[in-house]
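The values are calculated or read from the model by the stated rules, or taken from the named source; none is laboratory data. Just so we're clear, the structure is a prediction, and the values are computed from it rather than from any experiment. Neighbour counts run over all protein chains shown; Cβ positions are idealised from the backbone, glycine included.
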Amino acid sequence: MTTTKESATSSKRTRSEMITPHKLTVTILIKNYCLYRESDEFKSMDDEVLRCRYRRDFCVLILRLLQSPDLPLAELRNLLTSKKYVIPNTLIDSFDESLLNLNNMGIGQLLDIVDSLNKIMTFSENTLSENKSFLINNNNAIAKSSIVGYYLRRFIIHFDKLTFSEAVGVYEAFQRYYEEWKKNSKFLNTQEVNLEDWSNDREQWSRRQAELFIATQAALLANNEGKALSPPELQKRISSILKSNPDLSGAHFLSYLNYLRVDEFTGAIDSLLHCFDRNVDPDVKYFNDEKSKRHRFAALNLAILHYHFGHTKGPSIDPCGMPELNMSEEALASLKESIKISQEANDNVCLQHALSWLYRLTTVNEDKLIIHCILKSSELSLSYTASLGLQTFGQYGCLHTGRTYAIFETLAKSDMINCQHNYKDLTSNNYAMKSSLWQLYGKTEMSSLWSQLLLYLNIDCTTPSKAFYGEGFCLAVCNIASHLLIQGDYNLMNCVLSFAKQRFPTEPNSHIWMLCENLCVFSQAMHHEKWVEAESAAQKIMVIDKWEGYLKLAEVYFYKQDYIEADNCINSLLNQYENDNTYKFNDRYYYIRAKILKAEIQFASSYPDSVPAGIITILNNCLIEAQTSQLDYQSALIHLHIAHIMLMLGLTSQALRILDRCLIQILGHGGCFDRARATLLYVKCLVADSHKCESSDRRTIILNSAQLLEKVKIDFEKVEAYSRVKDVLYLQAQLYHSINMKPERNKCSLEFRLLDEEHSSKNVCMLVKYL
């Protein structure tokens, strides 16, 4: 009984493979080419290179025609006469004559053409290997196991199953197809058709063509989304495929992936459910295990869908006191259902995939879940899941103050697995993670190096299918742009960002370069003292990265001297970190930066009337946090702020000793702005401490300090921080004046006046209150 139903189902699916006029025309073209290769003209051709090119171009053309959707006859003829393919005129003329004869001579001619196909395909692969000499002397032989042979055999089988009335229908469809070309041939545009581009509007798709299209687009979405069709265009193609192949579940899954690109929840969930519905054939009896497998993977994909849209946590309150959107635990519920069904079926593979998502959806025993997933995946030879688990464990160790060497050893193990199995996406993500770690630990040059190594991964890939342009690649490009930003190379930075925009125009990767672009706009606006533009950029950053946005907004208010608003933004972030245990906010990087900014606000709002009593304690506690987390660059910045406070308190010797601990780190790994700030503070400390020296030594120190300020001025000019440049010129003029070097003093004064005419300062307390 089951066999009968299965045969009925296969017959039903076979009938869906329609014989269209396009397929019939391609078949006639193949037949005429085989006859042309047997002709005396082809055999007596003296130019062996041209003969080889004829064969090569025709084979490539036929391959493209078999893979592409149905074309109108006019476009097919344009391909034959295009410059891209060198097709002999004799073949084109015989092809036109065959089409004309078929159109004029009726259904009998069609039957004769189909019968003649067997004559050019009488040899199997084994027969050909045994009769190589015959194959050499008979150019029209086509192996049944070849691509063309497989196509012709399918064509013959489908045609033989047609009734006479259906065969007449095929012939009449061909007549309409041919007459339409003859009627419009004088007015048709001879523009060439690009078969690599699937954008042509075609209604008839065979199942094989649809499956090839789906596989091609899915691979592009995974590896090189920029080369895939745009979301509206791809959805239009999918709808066209589903008209010809309504039972093709892969088309619904591609539609699901396409909806995820534009974050459309309704369309995504409908397509996902349709995908698994189409996998169920009511005419076929399945075993319980097969049903269970389908159900558990359906639940797992549903959990991934809810995770993508953020349906992972309960209702919460944002730092401003406003209730956020209610998010049910739908992702976790779907995942638990998948785990339950997998346990009942003893499916360890599905369980491991579910486990790799479980530690993303919960914070309970997260480290134990990751370790168990890695060990079990290695035991089951699930190398991809094991490598992904190692990368996640490295990220977990970074967020939970793990040992730096242990984190990099974990990522090295993931690298070994990726190299063994050629996982391009995981290799890219691993490099991007190493770059981010070096950036976090304050080693910007090492971070830039790993980003460049990631970009070099695709240089050896001569074909686009082997290259990978995913999230890791986008992160590397944006990291290079950030590195150029802190070095003051704004033109190169804009070029790199333009490349990222062009390569990743759609979500979710577009969020990466959007964040980077707004951070660059914010930094430039702050250097130019354009507070409105900087505040606008901070608001945009908040949409993508909430806590980074709060920090940037607080920084704007701080330099505007609106200390109350700045303090409110910082307190929002600190309260979230210290009090809210339900939100997964364990990144100390934000916390340390917020504490540093809070100390700056307290100092600037009180000085010169007083210095807050507990400000050194705040910075020392923050320094312990940074050293525990091994954030070396943040530790150096904290030392810088402590030295600045010491200078303001008149403890110049202590300030210089503290600067000795942090200057090497900042000068070696900081950007132009931070290097200039640190050097400026060092000069101020030297000059302030020089009163202890004799007059001749003090003059030498002041002269050296004034000359050292030239480097500070150059760094500030490079990042276009003109208000800081004026501060340096003012200090230089004062130093030259104190040692009676009037020409140098006057030169600095003139530069100050000219610069002040072009760029007026909005914060006149910068040199005294701010680092």
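Go through the residues of the range 714-727 one by one and say whether even a single one is over 44 Å from the mean Cα position of the chain (by Cα) and either closer than 29 Å to ALA626 by Cβ or modelled with pLDDT of 90 or more (or both). No: zero hits.
The number of residues in the range 53-84 that are in a loop (DSSP other than H, G, I, E, B) and either under 11 Å from THR25 (Cβ atoms) or β-branched (Val, Ile, Thr) (or both) comes to 3.
So that you can scan it fast, the table gives a plain yes or no per residue for (1) at pLDDT 85 or above; (2) within 28 Å of SER629 (Cβ to Cβ):
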residue: PRO323; (1), (2): no, no
residue: SER328; (1), (2): no, no
residue: ILE339; (1), (2): yes, no
residue: HIS353; (1), (2): yes, no
residue: LYS368; (1), (2): yes, yes
residue: TYR384; (1), (2): yes, no
residue: GLY389; (1), (2): yes, yes
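Tallying residues that are closer than 27 Å to GLN439 by Cβ and among the hydroxyl-bearing types (Ser, Thr, Tyr) within the range 624-668 yields 4.
Might you let me know whether the range 689-698 holds any residue that is under 35 Å from the mean Cα position of the chain (by Cα) and assigned to a helix (DSSP H, G or I)? No, the range 689-698 has no match at all. All of SER482, SER451, SER498, SER435 fail the test of being among the hydroxyl-bearing types (Ser, Thr, Tyr) and either farther than 23 Å from VAL719 by Cα or assigned to a loop (DSSP other than H, G, I, E, B) (or both), apart from SER435. Residue-level analysis places SER465 outside the set of residues that are part of a helix (DSSP H, G or I) and at pLDDT 90 or above. Residues in the range 504-520 that are surrounded by fewer than 18 Cβ atoms within 10 Å (Cβ to Cβ) and not hydroxyl-bearing (Ser, Thr, Tyr): 4 in all.
The number of residues in the range 241-268 being surrounded by fewer than 20 Cβ atoms within 10 Å (Cβ to Cβ) and polar (S, T, N, Q) comes to 2.
For the range 728-746, the set of residues classified as of a type outside the set (A, V, I, L, M, F, W, C) and under 52 Å from the mean Cα position of the chain (by Cα) consists of TYR730, GLN732, listed by residue number. Just one residue in the set SER387, SER383 is of a type in the set (Gly, Ala, Ser) and either more than 25 Å from TYR431 (Cβ to Cβ) or crowded, with 17+ Cβ neighbours inside 10 Å (or both); that residue is SER387.
Only residues that are in a helix (DSSP H, G or I) and in contact (Cβ under 8 Å) with a residue 24 or more places away in the chain: list them for the range 334-350, please. Once the filter is applied, which keeps residues that are in a helix (DSSP H, G or I) and in contact (Cβ under 8 Å) with a residue 24 or more places away in the chain, the range 334-350 yields SER334, LEU335, GLU337, SER338, ILE341, SER342, GLU344, ALA345, ASN348, VAL349, CYS350.
On inspection, CYS34 fails the criterion of being surrounded by fewer than 19 Cβ atoms within 10 Å (Cβ to Cβ), of a type outside the set (D, E, K, R) and either assigned to a helix (DSSP H, G or I) or not assigned by TED's automatic domain parsing to the domain that holds LEU117 (or both). Is one or more of the residues making up the range 85-95 assigned to a helix (DSSP H, G or I), modelled with pLDDT under 80 and of a type in the set (A, V, I, L, M, F, W, C)? No.
Counting only residues that are part of a helix (DSSP H, G or I), over 10 Å from ASN258 (Cβ atoms) and in contact (Cβ under 8 Å) with a residue 24 or more places away in the chain, the range 219-232 holds 6 of them.
Of all residues in the range 69-103, those being of a type in the set (Asp, Glu) and surrounded by fewer than 18 Cβ atoms within 10 Å (Cβ to Cβ) number 3.
Among the residues of the range 750-769, those identified as part of a loop (DSSP other than H, G, I, E, B) and either more than 44 Å from the chain's Cα centre (by Cα) or free of Cβ contacts under 8 Å to residues at least 24 places away in the same chain (or both) are SER760, VAL764.
Residue-wise test of (1) more than 22 Å from PHE558 (Cα to Cα); (2) buried (at least 17 other Cβ atoms within 10 Å of the Cβ).
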position: VAL611; (1), (2): no, no
position: GLN630; (1), (2): yes, yes
position: LEU667; (1), (2): yes, no
position: GLY671; (1), (2): no, yes
position: VAL687; (1), (2): yes, yes
position: SER690; (1), (2): yes, yes
position: ARG699; (1), (2): yes, no
position: GLU710; (1), (2): yes, no
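Residue-by-condition table, conditions (1) buried (at least 16 other Cβ atoms within 10 Å of the Cβ); (2) at pLDDT below 90; (3) out of contact with any Asp or Glu (no Cβ under 6 Å at 6 or more places or on another chain):
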{"residue": "TRP547", "(1), (2), (3)": "yes, yes, yes"}
{"residue": "LEU553", "(1), (2), (3)": "yes, no, yes"}
{"residue": "GLU565", "(1), (2), (3)": "no, no, yes"}
{"residue": "ILE596", "(1), (2), (3)": "yes, no, yes"}
{"residue": "SER635", "(1), (2), (3)": "yes, no, yes"}
{"residue": "ALA643", "(1), (2), (3)": "yes, no, yes"}
